[in-house]
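Just so it is clear, none of the values below were taken in a lab; they were calculated from the coordinates. What you see is a predicted model, and the numbers here were worked out from it, not measured in a lab. Counting neighbours? That spans all protein chains shown, and the Cβs are built from the backbone with ideal geometry, glycine included.
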Amino acid sequence: MVFQDTIKLAPQEKGATEITDLISAIIKESKINVGTCQLFVHNSFSSLLITDTADEDTKEQTIDFLAQLAPSCDDISNVINKSMESIPEAMRSAITQTTISFPIRRGKPGLGTWQGIYLWERTTQPKKRDLTITIIGE
Amino acid sequence: MLHQQKLRFSTTGRGTYNITKQVTEAIEKSGIKEGICHIFIQHTSASLILCENADKTVREDLNAYMARLVKDGDSLFKHKDEGADDMAAHIRTILTQSSLSIPVHKGKCDLGLWQGIFLWEHRTNSHKRNIAMTIMGD
């Protein structure tokens, strides 16, 4: 069985927002109990992360670190085009994931105890984000 | 056909562990000949990679490179309840993979000759790590 849907995520503030509950609800709706789930974001200004849910600091410091790896005013991006803010964003997309997948077990995401699914929104003027969810299983 | 199971590993500190044999054996036992094998690590401080399996210095160099890229105890980090390697381990996980999808062909992992599947432990002490495996195909 295959279930696929593209949802519009409401605009999120800049930063990492947990979307595990939203995804769990869609999986429940699909009625697929065992299989895999793939998530895909349709833009290069946000990424998908699976990270620690126990301490809020973890996700904050992860995205701070990643943003520093591809800084907004980097020599490389300045060489390409000073006006192209999208270059560091494209790099941040490339070093993270625009697609993630995880198992489904007993009709739920088969995540570890401390794992959560996050959308890392990087623009200061948040937009609705298209996210495609594809669930394959039985 | 769909087969789902857990693989369990004990790690003994930071480094890469070749798990190709365990994954291949599980595929063989599943009886699925053609399809996709999805493996997902249920932790946020250990990850999965495909890497060269012939020369172990490749993985030693990967370790060294990662240690230079993400420094334990970086002054940026606030999340350090479990030690200087704690936050670095979460970031190392994000920069690599929590899941891998590998083709199954003739009942085996259809890897390249020099490819191996590795669990990358990012914590410096020993841990028990669970990998959820989903094989779909005929």
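Things worth noting here:
- Spherically averaged projected area in nm², based on the convex hull that wraps the Cα atoms of the protein assembly as shown: 15.0 nm²
- 0 to 90° range, to nearest 10: angle between helix A:20-30 axis and chain A longest Cα axis: 40 degrees
- Compactness of chain B - radius of gyration and Dmax, Cα, Å: 15.8, 51
- Calculated on alpha-carbon atoms, Rg and Dmax of segment A:1-134 in Å: 15.9, 51
- By the count of neighbouring beta-carbon atoms within 10 Å, fewest first, A:L48, B:L69 end up ordered B:L69, A:L48.
- Spatially proximal aspartates and glutamates relative to B:K128 (Cα-Cα < 18 Å; intrachain offsets below 8 disregarded): A:D52, B:E82, B:D85, B:D86
- For segment A:125-133, the Karplus equation 6.51 cos²θ - 1.76 cosθ + 1.60, evaluated at θ = phi - 60°, returns couplings of 10, x, 10, 5, 10, 6, 10, 9, 10 Hz by residue, with Gly and Pro reported as x.
- Taken residue by residue and averaged, Cβ atoms of other chains lying within 10 Å of the Cβ of B:26-35 number 0.
- Rounded to 10°, Cα long-axis angle of helix A:86-95 versus longest principal axis of chain A: 50 degrees
- Here is the list for segment A:1-69: trypsin sites (Lys or Arg not before Pro) lying in DSSP coil, each with at most 16 other C-beta atoms within 10 angstrom of its C-beta, are A:K14, A:K31.
- Hz values of 3J(HN,Hα) by residue in segment B:120-126 - Karplus curve (6.51, -1.76, 1.60), Gly and Pro given as x: 10, 7, 9, 8, 7, 9, 7
- Per residue of A:36-48, other chain Cβ atoms within 10 Å of the residue Cβ number 1 on average.
- CD proxy at 222 nm, helix term only [per DSSP H run n ≥ 4: -39500 (n - 2.57); per residue of the protein assembly as shown; nearest 500]: -8500 deg cm²/dmol
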